């Protein structure tokens, strides 16, 4: 744990452009990204199944999606980062910096939506590596959170794979789609980040993929070896 005797807090996250090897992160811009997210990344109305664990009601069309995405940024202060596949140039997903607490050095990644094009590729792993690296290395945060509906097993599996530690279930945490939501909480803290970062970088190396683009070593195995 770092010495906090002279702790002065962190800067609040701001929209940021980050280039990776496989994916680029772009600050959400309505004119550039709204239709690309709705049609290209999320497949129009297929978005409702993809985002079934989000708290808002199902969308009836792109207008509803537009209204919701504008509201979470303007009223809730979310910083939306859009993921673009560098190989194809297409928008493939998004995530948000949420509930920033700069005084205590805590911020959450949430509103995570991976379109089908991100599946079984390095895109999602690198996108979350880049978001975490910005939080810890550029902004100096102490704690990075991931929260999801307790029934959202794919999200829980992803958080664990990425190196977040499960901290427990907050019972009756909120109402989601007119029903109770128990929330699973995960985090990475700054003391863990150097090892988690090293594992990300080893996994993302081109040397870790064969000629068919399949991983040679799992991220979890690389991280476990680094702890030995």
inquiry  = Considering only residues that are surrounded by 15 or more Cβ atoms within 10 Å (Cβ to Cβ) and touching a strand residue (DSSP E or B) at 6+ places or on another chain (Cβ under 6 Å), which ones fall in region 1-14?
reply    = 13
inquiry  = Here is a check on your reading of the model: is residue 197 farther than 27 Å from residue 33 by Cβ and free of Cβ contacts under 8 Å to residues at least 24 places away in the same chain?
reply    = no
inquiry  = Of everything in region 204-228, what is farther than 24 Å from residue 147 by Cβ and not in a loop (DSSP other than H, G, I, E, B)? Give them in sequence order.
reply    = 204, 206, 207, 208, 209, 215, 221, 222, 224, 225, 226, 227
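Look through 196, 188 and report the one residue that is part of a strand (DSSP E or B) and in contact with a strand residue (DSSP E or B) (Cβ under 9 Å, 6 or more places away or on another chain). Show your work before the answer.
Numbers: 196 fails: part of a strand (DSSP E or B).
After ruling out the rest, the residue left standing is 188.
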request  = Kindly indicate the residue of region 129-153 that is free of Cβ contacts under 8 Å to residues at least 60 places away in the same chain and touching a strand residue (DSSP E or B) at 6+ places or on another chain (Cβ under 7 Å) and also surrounded by the fewest Cβ atoms within 10 Å (Cβ to Cβ) among those meeting that condition.
outcome  = 143
request  = Report yes if residue 140 is touching a helix residue (DSSP H, G or I) at 6+ places or on another chain (Cβ under 9 Å) and on the phi > 0 side of the Ramachandran plot, otherwise no.
outcome  = no
task = Starting from residues that are part of a helix (DSSP H, G or I) and under 22 Å from residue 105 (Cα atoms), keep the ones in region 153-185 and report whichever is farthest from the chain's Cα centre (by Cα).
result = 160
request  = Looking only at region 104-113, decide whether some residue is closer than 17 Å to residue 157 by Cβ and touching a residue at least 60 places away in the same chain (Cβ under 8 Å).
outcome  = yes
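Rule-based calculations on the coordinates, nothing more; no lab input. Keep in mind that this is a model prediction, so the values were computed, not measured. Ideal geometry is used to build each Cβ from the backbone, glycine not excepted, and the neighbour counts take in all protein chains shown.
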